[in-house]
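Down below is the structure, laid out as C-alpha cells.
The values are calculated or read from the model by the stated rules, or taken from the named source; none is laboratory data. Computed from a predicted structure; not experimentally measured. Cβ placement follows ideal geometry from the backbone for every residue including glycine, while neighbour counts extend to all protein chains displayed. All accessible areas refer to the heavy atoms of the entire protein, side chains included, with ligands and DNA or RNA removed. Shrake-Rupley method; radii C 1.70, N 1.55, O 1.52, S 1.80 Å.
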Amino acid sequence: MRKSTIAFFVIICIQLCLLIGLLNMESESEYTNFIKTEKLIVQEYNLTDFCLSTESRHTRHISQPELMAPFQDLPGFHDHFPSSSFFGPPDTSLWRQDK
Amino acid sequence: MNRILNLLDYAVKSLLRRWRKNTALVLIYTLVVAFFASVVFFTSSLKYETQAVLQDIPELWLQKITGGRLELVSESLIDSLSGIRGVKKIIPRIWGYYFDTPTGAVFTIIGSDLLIDGLLVANVTSTSSVTEKLDSTMALCGTGFLETHLLETGQRLTLIDAEGKLRGFSIVGAFTAKSDLLTRDLIILSKSSARKILGLPEDKVTDIGIAVWNDDEVDNIGRKIDRKFHGIRVVTRAQLLSTYETLFSYRGGIFIYGAIISLFAFLILAWDRAAGLSREDKKELGILKGIGWQINDVLWMKFWEGIVISLNATLLGIIIAWLHVFVWHAPLLKPFLIGWSVMYPEYQLHPVVDSGSILMVFLLSVIPYLTATIIPAWRGAVTDPAEVMQNG
C-alpha cells in the first residue's frame with residue numbers, strides 16, 4: 001500500500017476515534033442521574049414546560065397558553081421574532097376533545 | 001483488492017494535485033454538514049430531554065377559557081372532579097408571571113409549600129434552614145433572578161404584590177445552573193405568598209392537574225370532564241408531549257429551518273459539481289481512456305475521489321457540530337430559539353444522539369455528493385478519448 005492511501009486511512013481513523021470519544025463524552029449513569037433530578041423538580045413543582053425562551057407567554061409555556069396567545073401581545077407578534085418563528089401557536093386540531 | 005487500492009491511491013494523488021481547490025471544497029462541504037448536524041444534535045438532545053422528563057407528569061391538565069383567554073379556575077371544581085371515577089389525584093396549581101420592573105425581565109412565580117426536603121435530593125444548593133415546609137417568608141430561585149439581581153442564597157429578595165406593596169423574602173435555596181432548562185426563570189414562594197404576589201383570590205387556582213389510575217382511560221376521562229364542565233379545555237399529557245415532539249422533530253419548528261438552509265446550500269454545491277466537468281477534467285479522462293483505462297476504472301476512481309472528500313467532510317462536520325452543540329453550547333443556534341428577551345436561558349445540552357440521526361447525516365451528505373460526482377464522470381468517460389484530446 002502506498003503512502004497516500006495509508007495517510008487517507010489514518011486520517012479517517014483519527015476522525016472516527018475522535019467521534020467515538022465525543023459520543024462517549026458523558027456516561028449513561030450521569031445522564032440518568034440528571035434526568036432523575038429533572039423529573040423530581042418537575043414532580044415537586046408540577047411543571048409542564050421547559051424554559052427555552054422567556055420572550056413571551058406562548059414561548060415560555062408552549063403547551064399552556066390560550067390558543068390566541070401568540071397574537072395577543074402585539075398584532076403579528078413581530079416583537080417576538082425570532083423565537084415565535086420556531087414555536088408558533090399549538091396545533092389546535094390535536095387539542096379538541098370529541099363531544 | 002490490489003486494483004481497488006491502486007485506484008484509491010490514484011484518486012488521492014489526483015486530489016492532492018489540485019489541493020487548493022479540493023481543500024476549499026472540503027471546507028465548504030464541512031461547514032454545510034456541520035450546520036445541518038448541529039440542528040440534528042440540538043433538536044435530538046432537547047427532544048429526548050423533554051420526552052424523558054415530562055413522561056411522569058399528571059395525565060390531564062384542565063384550564064378555564066373565557067372568550068378565548070385563560071381564566072382562573074374555581075377551587076370548587078376540585079370536589080366535582082374528584083368524584084369522577086378513575087381520578088387518582090387532583091393537583092391544583094398556583095402560578096403566574098411577574099414583570100420585574102428594575103430589570104424588565106418576566107419571571108414565573110410558582111406557589112408550593114412542601115419542597116425543601118425534596119430539593120436537597122434534587123441537587124439544589126440550600127442554606128442551613130432546612131425544613132419540610134416553605135413558609136411565607138421564604139423563597140427559592142432559579143439562576144435567572146439571582147444573576148439579574150446579583151443575589152446569592154441567604155440574601156433577601158423583594159417583590160411587589162398585586163396591591164403595590166413591597167414584600168421581602170429570604171432566599172433559602174437556589175437551583176443549580178444544571179437545571180436551567182426547567183428552572184431558569186422560576187421563583188418558588190409559599191402558596192399564600194404566591195397568591196398575594198399574583199393577586200389570586202383565595203378560592204381560585206391557575207389550573208388543575210389530574211392524575212388518573214389507568215393510562216388507557218386518560219382519553220375517556222378527558223372527554224367525560226370536557227362534556228361535564230363548560231368553558232374549560234382539557235389537555236392530555238400525550239398532547240402536551242406531542243407539542244414538544246412537533247417542535248423538535250421533522251414535522252416542524254427549528255429542525256425544518258435548519259434542514260432547509262443546509263439542503264439549499266448542499267444542493268448548490270452538488271449542482272456545481274453535477275453541472276459538468278472542467279476542460280482539465282475532460283482532458284484527464286480522455287488521456288486515461290487513451291492509455292487503456294476502462295469506463296468502470298474511471299468510475300471507480302471518481303467514486304474514490306468522492307469518498308475521500310465526502311467522508312472527510314462529513315466526519316469533520318459531525319465533529320464540529322458535536323463540539324458546537326455540546327461543548328460550546330450551540331452559540332449559533334440557541335439565539336434563534338431564545339429570542340430577544342431580557343433574560344436568556346443558559347441551558348446546557350446533554351449529548352444524547354441516536355445512531356439513526358448520525359446515519360441520516362451520513363446518508364444526506366455522502367450519497368448526494370457521490371451521485372453528483374459520478375454522473376458527470378460517467379458522461380465524460382463514455383465520450384471518445386480522441387475527440388476529447390483534440391478539442392482539449
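Taking the range A:48-59, which residues are modelled with pLDDT of 80 or more and open to solvent by 10 Å² or more (accessible area, probe 1.4 Å)?
Result: A:Thr54, single match.
Among the residues of the range B:304-338 satisfying the criterion of being part of a loop (DSSP other than H, G, I, E, B) and touching a residue at least 40 places away in the same chain (Cβ under 8 Å), which is surrounded by the fewest Cβ atoms within 10 Å (Cβ to Cβ)? Before the answer, list the steps.
Looking only at the range B:304-338, we keep the residues that are part of a loop (DSSP other than H, G, I, E, B), and these are B:328-333.
Filter once more, keeping what is touching a residue at least 40 places away in the same chain (Cβ under 8 Å): B:330, B:332-333.
On the way: B:Ala330: 22, B:Leu332: 14, B:Leu333: 21.
For the range B:304-338, the residue satisfying everything is B:Leu332.
Give just the number: which of (1) open to solvent by 10 Å² or more (accessible area, probe 1.4 Å); (2) outside any helix (DSSP H, G or I); (3) modelled with pLDDT of 85 or more does B:Ser341 not satisfy?
(3)
Confirm whether B:Val353 is part of a loop (DSSP other than H, G, I, E, B), modelled with pLDDT of 80 or more and open to solvent by less than 50 Å² (accessible area, probe 1.4 Å). Give the derivation first.
Working: part of a loop (DSSP other than H, G, I, E, B): yes; modelled with pLDDT of 80 or more: yes; open to solvent by less than 50 Å² (accessible area, probe 1.4 Å): yes.
Considered against the rule, which asks whether it is part of a loop (DSSP other than H, G, I, E, B), modelled with pLDDT of 80 or more and open to solvent by less than 50 Å² (accessible area, probe 1.4 Å), B:Val353 comes out as yes.
Residue pairs, Cβ under 9 Å, 6 or more apart or interchain, first in the range A:1-29 and surrounded by 12 or more Cβ atoms within 10 Å (Cβ to Cβ), second of a type in the set (S, T, N, Q). List them.
Partner pairs satisfying both residue conditions: A:Arg2/B:Asn6; A:Thr5/B:Asn6; A:Phe8/B:Asn312; A:Ile11/B:Asn312; A:Ile12/B:Asn312; A:Gln15/B:Asn312.
Among B:Ala37, B:Ala24, B:Ala52, which is under 22 Å from the mean Cα position of the chain (by Cα) and over 30 Å from B:Ser82 (Cα atoms)? Explain how you work it out, then say what you get.
On the way: B:Ala24 fails: under 22 Å from the mean Cα position of the chain (by Cα); B:Ala52 fails: over 30 Å from B:Ser82 (Cα atoms).
That would be B:Ala37, the only listed residue that is under 22 Å from the mean Cα position of the chain (by Cα) and over 30 Å from B:Ser82 (Cα atoms).
Are any residues in the range B:48-74 more than 7 Å from chain A (Cβ to nearest Cβ), surrounded by fewer than 16 Cβ atoms within 10 Å (Cβ to Cβ) and in a strand (DSSP E or B), and if so, which ones?
B:Thr66, B:Ser74
Among the residues of the range B:141-178 satisfying the criterion of being in a strand (DSSP E or B) and of a type in the set (Lys, Arg), which is surrounded by the most Cβ atoms within 10 Å (Cβ to Cβ)? Write out each step before concluding.
Taking the range B:141-178 and keeping what is in a strand (DSSP E or B), we get B:141, B:156-160, B:166-174.
Those left that are additionally of a type in the set (Lys, Arg): B:156, B:167.
Working: B:Arg156: 11, B:Arg167: 17.
Top of the filtered list is B:Arg167.
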